[in-house]
Amino acid sequence: MNKIDYYDVLGVPRNASPEEIKKAYRQMALKHHPDRNPGDKGAEERFKEAAEAYSVLGEPQNRSRYDQFGHQGLRGETFSGFNSTVFEDFEDILGNFFGFNFGDLFGAGTRQRRHQPQRGRDLALEMEITLEQAAAGVEKEISLNREEPCPVCQGTRMKPGSKKGACLACGGRGQVRHQQGFFIMARTCSHCGGSGEIITAPCEECRGAGHIRRKNELRVRVPAGVEDGSRLRISNEGEAGERGASKGDLYVVIKVKKHDFFEREENHLICDISISFVQASLGVTVEIPLFEGGEKVRIPPGTQAGEVIRLKGRGLKDLESRRLGDLFVKVHVQTPGDLSKDEKVLLRRLAELRGESLEFIDRETVRKQKARGPESRH
């Protein structure tokens, strides 16, 4: 049976450039691919014809021989597979589009899949610290169970002194092949996992795993200024890698406990204090219990309820800029409700001296009092 001219198969002239041939093949392959035309035998045949045509015209030496001698010049040659150059083009054209690895479908030795070293898994754990520790920084010891390289075989999985042998299932090739119609199909050897080798004498300590699980003690330095939810990365403290690859990393997620006196906003500290109305009127010095010791704050005479006093540089360090935040002290004025007879007399006398009514406050006075309101002192 006479074969169709390969140029006619791809629909290109005989002087077509390699780029034009590749483009024509791409269009035909995508159009007639069996996955796009399930059950269509005609499309399947056209797809095979296009693949065969491209295996010849897409390779300069084969194309030159075909141009001189036609199909007769290709006798004795096998085009059921692809040479490496054409295969790379084929994979580039279709591999990503159809979502599978053509190195597993076709017998391309240059693309054989082998077991590669795999980096170890990352680990994560949570560490709880106090606000005081977040402010100053702290070193804490932690315990974790992780996979470590086997101390006997050093991760090789083999008994010391032994060697790997060729896989009998695939003959050391790493792939098992069989022909299916036009294509030579290849699958990764399930016995050796594609490596072409098998361990004949597994390590007795790790039973051929290459790693063992151990409990480890580590000291972790938490820098000053960390916030709730901060994540610290400690390189090479994760689990052991496969086949000599590096360890993974350890991520420590910081949980800052709620403080009973201070609240935190970024690198600022906020607290509330209560004083009597006499102290607010005459002024008083209050000692704030900061982490490194007491901080004396002068409450000036005439301080109103709700006023905020700001102390610059008395907050926490910013983790990145290292600048110190501020301390904000909110003042609450307590009004006594259990006055003695003598205290009531004194307060009435104070009201008389200040011209303050204890019976009725008119709306104009109310408006003026509201306008004054609490202020923030810096």
Looking at the structure I just gave you, is residue 135 under 30 Å from residue 324 (Cβ atoms) and either at pLDDT below 85 or crowded, with 18+ Cβ neighbours inside 10 Å (or both)? yes
Would you point out which residue out of 316, 282 is free of Cβ contacts under 8 Å to residues at least 24 places away in the same chain and either in contact with a strand residue (DSSP E or B) (Cβ under 6 Å, 6 or more places away or on another chain) or surrounded by 12 or more Cβ atoms within 10 Å (Cβ to Cβ) (or both)? 282
Please work out which residue is nearest to the chain's Cα centre (by Cα), limiting yourself to region 12-30 and to residues that are closer than 16 Å to residue 52 by Cα and of a type outside the set (A, V, I, L, M). 26
Among the candidates 270, 254, single out the residue that is surrounded by 18 or more Cβ atoms within 10 Å (Cβ to Cβ) and on the phi < 0 side of the Ramachandran plot. 254
State which residue is surrounded by the most Cβ atoms within 10 Å (Cβ to Cβ) when the search covers only region 31-74 and only residues that are touching a helix residue (DSSP H, G or I) at 6+ places or on another chain (Cβ under 9 Å) and outside any helix (DSSP H, G or I). 58
Can you spot a residue in region 100-122 that is at pLDDT 80 or above, of a type outside the set (Val, Ile, Thr) and touching a Phe, Trp or Tyr at 6+ places or on another chain (Cβ under 7 Å)? yes
Got a number for residues in region 287-311 being within 27 Å of residue 137 (Cα to Cα), in contact (Cβ under 8 Å) with a residue 40 or more places away in the chain and surrounded by 11 or more Cβ atoms within 10 Å (Cβ to Cβ)? 4
Residues of region 201-221 that turn out to be in a strand (DSSP E or B) and either within 20 Å of residue 255 (Cα to Cα) or not β-branched (Val, Ile, Thr) (or both), as a count: 11
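The values are calculated or read from the model by the stated rules, or taken from the named source; none is laboratory data. Predicted model only: the values in this text are computed from it and were never measured. No Cβ is skipped: glycine too gets one built from the backbone with ideal geometry, and neighbour counts run over all protein chains shown.
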